[in-house]
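I have placed the structure first, in the form of structure tokens, so that the comments after it can refer back to it.
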Amino acid sequence: AQSVTQPDARVTVSEGASLQLRCKYSYSGTPYLFWYVQYPRQGLQLLLKYYSGDPVVQGVNGFEAEFIKSNSSFHLRKASVHWSDSAVYFCAVSEDYNQGKLIFGQGTKLSIKP
Amino acid sequence: EAAVTQSPRNKVAVTGGKVTLSCNQTNNHNNMYWYRQDTGHGLRLIHYSYGAGSTEKGDIPDGYKASRPSQENFSLILELATPSQTSVYFCASGDGTGKDTQYFGPGTRLLVL
């Protein structure tokens, strides 16, 4: 069965510092991988997704993620965070022929220190 | 712009009562989904639909029913609400492929007393 693990429930970084949020998945085939962001009191919004090609994918607001199949990972990165990046970030996985159902990780709450 | 709306945004219910959460999408997507969000669990799929008239069980369907009367509308029904169903519920729509981006509503906060 597919599963997604985000090992860090909370991450705090200083404004302007770099960021990495970790995501590992369990799936026997080649999955489709997503990062969604949830700002306070809002629904989820897509940051980026990977389904083929270049393993480094670019998203909105300077975010990127790298698919490393050998490590079953899809970590999210940003070179320099802004206070407005404070949010909860979810990694998710899907596959073909499953009606688009998503399996989510537990989420990582990102706090930015001024 | 993709749009998914949910009503109500907040709901307080009594144990044993019936609760209906409504979702509307203007994206003309075939698929719609209901998730619940709980601390430590992320989002978990309750029910989904791949078109008007269809409903399918997700990963945690017990205690919930769903209804998809039209392409645009998808409801989640708690016939006998319990305190364990206190949560935040999200509706989403998508085209139903694995590569699909899902578009989420703003959520409904449900408190069952």
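The values are calculated or read from the model by the stated rules, or taken from the named source; none is laboratory data. Bear in mind the structure is a predicted one, so any value in this text is a computation, not a measurement. No Cβ is skipped: glycine too gets one built from the backbone with ideal geometry, and neighbour counts run over all protein chains shown.
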Worksheet item: Applying the selection to segment A:61-114, what residues are away from every other protein chain (no Cβ under 14 Å), under 22 Å from B:Q102 (Cβ atoms) and aromatic (F, W, Y)?
Response: A:F63, A:F74
Practice prompt. Test A:Q20 against the criterion of being within 11 Å of another protein chain (Cβ to nearest Cβ), touching a strand residue (DSSP E or B) at 6+ places or on another chain (Cβ under 7 Å) and either modelled with pLDDT of 95 or more or surrounded by 13 or more Cβ atoms within 10 Å (Cβ to Cβ) (or both), and give yes or no.
Written response: no
Item to complete: Could you tell me whether segment A:98-105 includes any residue that is surrounded by fewer than 21 Cβ atoms within 10 Å (Cβ to Cβ) and either part of a strand (DSSP E or B) or over 13 Å from the mean Cα position of the chain (by Cα) (or both)?
Response: yes
Worksheet item: On the given criteria, is B:T101 modelled with pLDDT under 95, among the polar types (S, T, N, Q) and closer than 20 Å to B:A3 by Cβ?
Response: yes
Worksheet, complete the sentence: Matching residues in segment B:40-58 (of a type outside the set (G, A, S), under 15 Å from B:N28 (Cα atoms) and at pLDDT 95 or above) number 0
Practice prompt. Identify the residue in segment B:59-86 that is over 19 Å from B:Q25 (Cα atoms) and within 14 Å of chain A (Cβ to nearest Cβ) and, among all such residues, is surrounded by the fewest Cβ atoms within 10 Å (Cβ to Cβ).
Written response: B:D59
Fill in: Lone unmet requirement of (1) out of contact with any Ser or Thr (no Cβ under 6 Å at 6 or more places or on another chain); (2) surrounded by 20 or more Cβ atoms within 10 Å (Cβ to Cβ); (3) more than 9 Å from chain A (Cβ to nearest Cβ); (4) closer than 20 Å to B:A3 by Cα for B:G107
(3)
Worksheet item: Looking at A:S26, A:S80, A:S73, which is the one that is in contact with a Cys (Cβ under 9 Å, 6 or more places away or on another chain) and either surrounded by fewer than 21 Cβ atoms within 10 Å (Cβ to Cβ) or under 22 Å from B:D59 (Cα atoms) (or both)?
Response: A:S73
Practice prompt. Sort through A:D85, A:D96 and tell me the only one that's among the acidic types (D, E) and over 27 Å from B:V88 (Cβ atoms).
Written response: A:D96
